[in-house]
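For reference, the structure is listed below as structure tokens.
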Amino acid sequence: MPSPSSSSLPRVGDSVRSVDTPALVVDLDAMDRNIAAMAAYAKRHGVRLRPHAKTHKSAFVARRQLDAGAVGVCVQKTSEAEALADAGIDDLYISNEVVDPAKLARVAALAARVKLAIAVDSLVGVDRLAAAMRAVGAGIDVFVEIDVGQGRCGTTPARAGELAARATSRGLGFAGLQAYHGGAQHLRTAATRRAAIERAMAAVAIAKESVAAAGLGCPLVTGAGTGTFALEAASGVWGELQCGSYVFLDRDYADNEPTPSAPAFEHALFVKSQVMSRDDVHAVVDAGHKSHAIDSGLPTAWRRDLVFENGGDEHGILRRGRDALPGLGETVWLVPGHCDPTVNLHDRCVGVRGGLASGTVETVWLVDARGCVG
């Protein structure tokens with residue numbers, strides 16, 4: 001695969017204006033404020049913070065979160081865990097199920113060198129994980145995932161005790177319950193999100209009763225995301241938050257009605273683009289689908305009242321809102337609709353200090369787990 005020419009790579013100390021387009025740029029000032037705000041919120045409410053690294057997929061951001069007080073990070077895939085472990089992150093939780101024996105062998109090998117936990121939701125998954133761990137003589141903690149309303153992974157709450165007991169009987173450590181409601185994160189009103197988390201609380205109560213009936217304690221309930229964390233933190237039920245997108249705040253999360261008492265986060269992740277073609281009714285920028293994910297909708301132009309339209313793989317079309325169209329060669333900063341898959345489209349992030357208008361490049365980091373989907 002060809003590499004970018006050295007002349008096109010941003011250098012530390014360069015002006016943000018010199019960063020070639022399209023490029024994934026992080027406003028470090030905004031990101032640091034987001035990290036600090038979430039860490040302070042978790043500390044104030046007496047809950048642990050284990051941010052989800054599937055958002056940024058990089059050891060650089062994970063270290064900043066750990067330095068601010070996070071206990072570790074979550075990942076969603078075995079390969080993500082391996083990539084971050086290779087980059088020096090040594091407290092990882094795969095908050096997802098792995099049942100393939102070949103992948104479980106990799107999980108076991110990783111557990112032999114870093115602190116690792118994983119989610120389970122089936123007896124087969126527990127048994128296969130235990131066999132993989134015995135093969136290498138390592139230990140691992142498991143969280144029993146329950147379905148709290150999303151209808152994706154997770155056992156029924158009433159079966160949580162059966163799985164927890166099976167895990168302990170097979171020599172695995174039962175660490176608690178995985179109770180993440182992904183479907184609640186982008187419900188637009190605070191009231192509908194609250195109702196969804198109240199239903200999730202009822203599911204957790206059933207699961208904890210099931211665990212107690214199996215003769216076990218429940219050390220921890222972990223879950224929560226950027227859209228609902230204030231509800232989980234205030235519940236007295238969840239002891240750990242797994243928020244991820246707060247670090248960058250994409251357009252889709254910004255469309256939510258704020259949750260009362262939750263801190264406000266800032267947009268920190270941008271795609272720098274520039275106008276490559278223009279006529280009287282539209283302008284075309286050089287950032288299309290290959291530069292930003294569109295599963296949660298199209299990006300918006302930051303601090304400009306313009307309408308962004310789908311232009312295909314390499315182009316984005318801008319039409320007038322209340323603002324005039326930008327001119328040829330002019331920079332347009334885009335706020336992606338969904339930060340996680342947008343990051344996965346890029347090899348590196350350019351960290352800028354001092355703002356997007358006149359800041360300078362402070363650092364460039366690799367997206368260590370880019371393409372790690374297995």
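The values are calculated or read from the model by the stated rules, or taken from the named source; none is laboratory data. Just so we're clear, the structure is a prediction, and the values are computed from it rather than from any experiment. Positions of Cβ are generated from backbone atoms using ideal geometry, with glycine treated the same way; all protein chains shown enter the neighbour counts.
Annotations for the structure displayed:
- Scanning the stretch 53-62 for residues that are part of a loop (DSSP other than H, G, I, E, B) and not charged (D, E, K, R), we see that the one that is farthest from A39 (Cα to Cα) is S58.
- Residue check for R303: among the basic types (K, R), closer than 21 Å to V25 by Cβ and out of contact with any Phe, Trp or Tyr (no Cβ under 7 Å at 6 or more places or on another chain): yes
- Matching residues in the stretch 172-219 - criterion: being more than 24 Å from the chain's Cα centre (by Cα) and of a type in the set (K, R): K208
- Any hit, the stretch 90-110, residues being under 17 Å from the mean Cα position of the chain (by Cα), within 23 Å of V364 (Cα to Cα), among the aliphatic types (A, V, I, L, M) and modelled with pLDDT of 95 or more: no
- Close pairs from the stretch 201-218: first at positive phi and outside any helix (DSSP H, G or I), partner of a type outside the set (A, V, I, L, M, F, W, C) and surrounded by 21 or more Cβ atoms within 10 Å (Cβ to Cβ), Cβ under 9 Å, at least 6 apart: G215/G161
Yes/no matrix, rows are residues, columns are (1) in contact (Cβ under 8 Å) with a residue 12 or more places away in the chain; (2) out of contact with any Leu (no Cβ under 9 Å at 6 or more places or on another chain); (3) not aliphatic (A, V, I, L, M):
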| site | (1), (2), (3) |
| --- | --- |
| N256 | yes, no, yes |
| I294 | yes, yes, no |
| G312 | yes, yes, yes |
| R319 | yes, no, yes |
| P326 | yes, no, yes |
| P336 | yes, no, yes |
| G351 | yes, no, yes |
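- Qualifying residue in the stretch 262-274 (condition: closer than 19 Å to D20 by Cβ, more than 24 Å from the chain's Cα centre (by Cα) and not β-branched (V, I, T)): yes
- Some residue of the stretch 231-238 being within 19 Å of the chain's Cα centre (by Cα), exposed (fewer than 15 other Cβ atoms within 10 Å of the Cβ) and under 23 Å from Q76 (Cβ atoms): no
So that you can scan it fast, the table gives a plain yes or no per residue for (1) of a type in the set (S, T, N, Q); (2) exposed (fewer than 15 other Cβ atoms within 10 Å of the Cβ); (3) assigned to a helix (DSSP H, G or I); (4) at pLDDT 95 or above:
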| position | (1), (2), (3), (4) |
| --- | --- |
| A135 | no, yes, yes, yes |
| V144 | no, no, no, yes |
| E162 | no, no, yes, yes |
| T192 | yes, yes, yes, yes |
| A196 | no, no, yes, yes |
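- The lone criterion from (1) buried (at least 17 other Cβ atoms within 10 Å of the Cβ); (2) outside any helix (DSSP H, G or I); (3) of a type outside the set (S, T, N, Q) left unmet by R188 is number (1).
- Residues of the stretch 63-83 satisfying the condition of being outside any helix (DSSP H, G or I) and in contact with a Phe, Trp or Tyr (Cβ under 9 Å, 6 or more places away or on another chain): G72, V73, C74, V75
- Pair list, Cβ under 7 Å, 6 or more apart: the stretch 220-242 residue part of a strand (DSSP E or B), other residue polar (S, T, N, Q): T222/Q178; T222/Q242; G223/Q178; G223/Q242; E240/T222
Yes/no per residue for (1) touching a Gly at 6+ places or on another chain (Cβ under 7 Å); (2) under 27 Å from T222 (Cα atoms); (3) assigned by TED's automatic domain parsing to the domain that holds Y93; (4) modelled with pLDDT under 95:
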{"site": "G13", "(1), (2), (3), (4)": "no, no, no, no"}
{"site": "V19", "(1), (2), (3), (4)": "no, no, no, no"}
{"site": "Y41", "(1), (2), (3), (4)": "no, yes, yes, no"}
{"site": "R48", "(1), (2), (3), (4)": "yes, yes, yes, no"}
{"site": "V75", "(1), (2), (3), (4)": "no, yes, yes, no"}
